[in-house]
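Each reported figure results from applying straightforward, stated rules to the coordinates on display, with no laboratory input. None of the values given here were measured: they were computed from a predicted structure. Note that we place each Cβ from the backbone using ideal geometry, even for glycine, and neighbour counts take in every protein chain shown.
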């Protein structure tokens with residue numbers, strides 16, 4: 001079953017944006033999401049393939065609406081709950097109730113500034 | 001375990017459609033290509049993505065496809081890194 005990430009060769013997305021964007025992060029929270037994911041993989045909480053899987057299984061409408069690091073943050077939340085590090089309720093409480101658990105909230109309350 | 005394919009081997013990708021993560025993209029399924037070189041052995045991502053610890057460790061190959069084979073047009077080549085499980089020998 002094709003997932004929303006697997007769009008190679010699909011028409012309608014327009015030309016590829018080849019702008020040379022040298023800034024790796026556009027907000028501090030993006031750098032924190034990057035570092036958090038690196039630490040969780042390094043500590044063996046999950047592997048990089050599980051992370052990719054979690055990104056790919058975002059609901060398509062959320063996936064397309066989310067930014068790159070919003071997708072990463074979604075995957076981290078899904079995996080932290082799946083691996084039993086935190087419960088969905090704990091996460092939701094810490095995120096101010098806007099995020100939701102598995103499959104919820106494209107970027108939650110963590111949208112860019 | 002010996003590599004199944006050598007540089008220059010003609011291969012065809014499998015035509016699977018799994019519900020789980022796969023490193024074989026949809027546009028490259030059932031397509032003919034040529035092995036450029038082996039790139040080293042790695043756990044099969046399709047299995048390790050499921051959180052399983054029993055992913056087979058396989059050779060990963062750089063495989064070149066003609067753009068025309070993938071897209072029906074274009075004169076360039078496209079190189080993909082593909083696990084051995086996703087490749088079958090193509091008769092010559």
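If you wrap chain B's Cα atoms in a convex hull and average its projection over all directions, what's the area in nm²?
Projected over every direction and averaged, the Cα hull of chain B covers 6.2 nm².
Rounded to the nearest 0.05, what FRET efficiency do residue A:64 and residue B:50 give with R0 = 22 Å and r taken as the Cβ-Cβ distance? Could you check?
Rounded to the nearest 0.05, the efficiency is 0.35.
Starting from the Cα of residue B:88, step 7 Å toward the Cβ, then list every residue of region B:3-19 with an amide N under 17 Å from that point.
B:4-5, B:10-18
I need to check one value: relative contact order of chain B, counting alpha carbon pairs closer than 8 Å and at least 6 residues apart, in percent.
31
Pop out the Kirkwood hydrodynamic radius of the protein assembly as shown from its pairwise C-alpha distances, inverse of mean 1/r, in Å to one decimal.
19.1
Rounded to the nearest 0.05, what FRET efficiency do residue B:7 and residue A:86 have when you use their Cβ-Cβ distance and R0 = 45 Å?
So, using R0 = 45 Å, E works out to roughly 0.40.
Based on DSSP H runs of at least 4 residues, each adding -39500 (n - 2.57), what is the mean residue ellipticity at 222 nm of the protein assembly as shown after dividing by all its residues, to the nearest 500 deg cm²/dmol?
Result for the protein assembly as shown, helices only: -8500 deg cm²/dmol.
Counting only Cα, what are the radius of gyration and maximum Cα-Cα distance Dmax of region A:1-79, in Å?
When restricted to the Cα atoms of region A:1-79, Rg and Dmax are 13.9, 40 Å.
Using the beta-carbon distance between residue A:11 and residue A:52 and R0 = 35 Å, what value does 1/(1 + (r/R0)^6) give for FRET efficiency, to the nearest 0.05?
0.90
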